[in-house]
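Colleague: Here it is: the structure, laid out below.
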Amino acid sequence: QVQVVESGGGLVQPGGSLTLSCAASGRSFSIYTMGWYRQAPGKPRELVASMSSLGNTNYADSVKGRFTISRVNAKNTVYLQMNSLKPEDTAVYYCSARYIYEYWGQGTPVTVSY
């Protein structure tokens with residue numbers, strides 16, 4: 001069983017920045033595809049960004065140029081750097097670790113507001 005724990009969420013003003021972190025347990029972190037998803041109230045969960053074990057990245061069109069996903073395998077951690085935040089980025093952000101099975105964290109809330 002892989003445990004996934006997100007951190008770093010909070011309240012930020014529009015135009016601001018925030019970095020989310022996600023730590024996953026286990027000795028096989030480097031083979032996982034890591035993903036960040038988000039779910040706003042009343043909306044389905046959507047992919048924000050993902051990074052494969054080879055470092056290939058994929059971003060939702062709505063965050064391209066503003067968000068950056070990165071990983072440090074030695075720390076079993078993936079990050080989501082979020083810049084130029086907008087109110088529509090408000091959501092609960094979830095991290096997933098996927099290799100055959102997919103494991104999810106509990107989510108960390110991000111609120112973009114004055």
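The values are calculated or read from the model by the stated rules, or taken from the named source; none is laboratory data. Quick caveat: nothing in here was measured; it's all calculated off a predicted structure. Positions of Cβ are backbone-derived with ideal geometry, glycine not excepted, and every protein chain shown enters the neighbour counts. When the accessible area is computed, the model is the full protein with side chains, heavy atoms only, and any ligands, DNA or RNA have been set aside. Shrake-Rupley method; radii C 1.70, N 1.55, O 1.52, S 1.80 Å.
Colleague: When the chain is modelled as a GNM with alpha-carbon springs shorter than 10 Å, which of Y59, Y93, Y101 fluctuates the most?
Modeller: Per the Cα network of the chain with a 10 Å cutoff, Y101 tops the list.
Colleague: Just to verify a number: what accessible area does S50 come out at with the full protein assembly present, 1.4 Å probe, Å² rounded to tens?
Modeller: 20
Colleague: With no solvent and one point per C-alpha, what does the Debye sum give as log10 I(q)/I(0) for the chain at q = 0.18, 0.21 Å⁻¹?
Modeller: Relative scattering, expressed as log10 I(q)/I(0), comes to -0.83, -1.11.
Colleague: Test of understanding: what is the full-extension gain from L47 to R27, defined as 0.36 nm times their sequence separation minus their Cα-Cα distance?
Modeller: Gain in length upon complete extension: 4.7 nm.
Colleague: Ranked by accessible surface with a 1.4 Å probe, highest first, in what order do V92, V2 come? Don't skip to the end; give the middle numbers.
Modeller: On the way: V92 45, V2 20 Å².
Highest to lowest solvent-accessible surface, that is V92, V2.
Colleague: Still on this model: Report the residue, chosen from V78, V48, V12, that carries the largest GNM mean-square fluctuation when the chain is represented by alpha-carbon nodes joined by springs under 10 Å.
Modeller: Result: V12 has the largest fluctuation of those listed.
Colleague: Would you tally the net charge around K64, using a Cβ to Cβ cut-off of less than 15 Å, leaving K64 out, and scoring K and R as +1, D and E as -1? Working shown, then result.
Modeller: On the way: positive: R38, R66, K86; negative: E46, D61, E88, D89.
Net charge in that neighbourhood comes out at -1.
Colleague: OK, next. If the only charges are +1 at each Lys and Arg Cβ and -1 at each Asp and Glu Cβ, what is the size of the charge dipole of the chain around the Cα centre, to the nearest 20 debye? The partial results should precede the final answer.
Modeller: On the way: 10 positive and 6 negative charges, 35 e Å.
Computed charge dipole of the chain: roughly 160 debye.
Colleague: Using a 1.4 Å probe, how large is the accessible area of K75, given in Å² and rounded to the nearest 10?
Modeller: Roll a 1.4 Å probe over it and K75 shows about 140 Å².
Colleague: Order W36, W104 by their accessible area, 1.4 angstrom probe, all chains in place, largest first. Let's see the in-between values first.
Modeller: Details: W36 0, W104 95 Å².
Solvent-accessible surface, decreasing: W104, W36.
Colleague: Right, here's the next one. Would you kindly work out the equivalent ellipsoid of region 15-57 from its C-alpha gyration tensor and give its semi-axes, the square roots of five times the eigenvalues, largest first in whole Å?
Modeller: Working: eigenvalues 105, 35, 26 Å².
Over the Cα atoms of region 15-57, the semi-axes work out to 23, 13, 11 Å.
Colleague: Name the residue, out of L54, L18, L85, whose mean-square fluctuation peaks in a Gaussian network model built on the chain with Cα pairs under 10 Å.
Modeller: It is L54.
Colleague: Let me cross-check S17: its accessible surface, 1.4 Å probe, with only protein heavy atoms counted, in Å² to the nearest 10?
Modeller: The value for S17 is about 60 Å².
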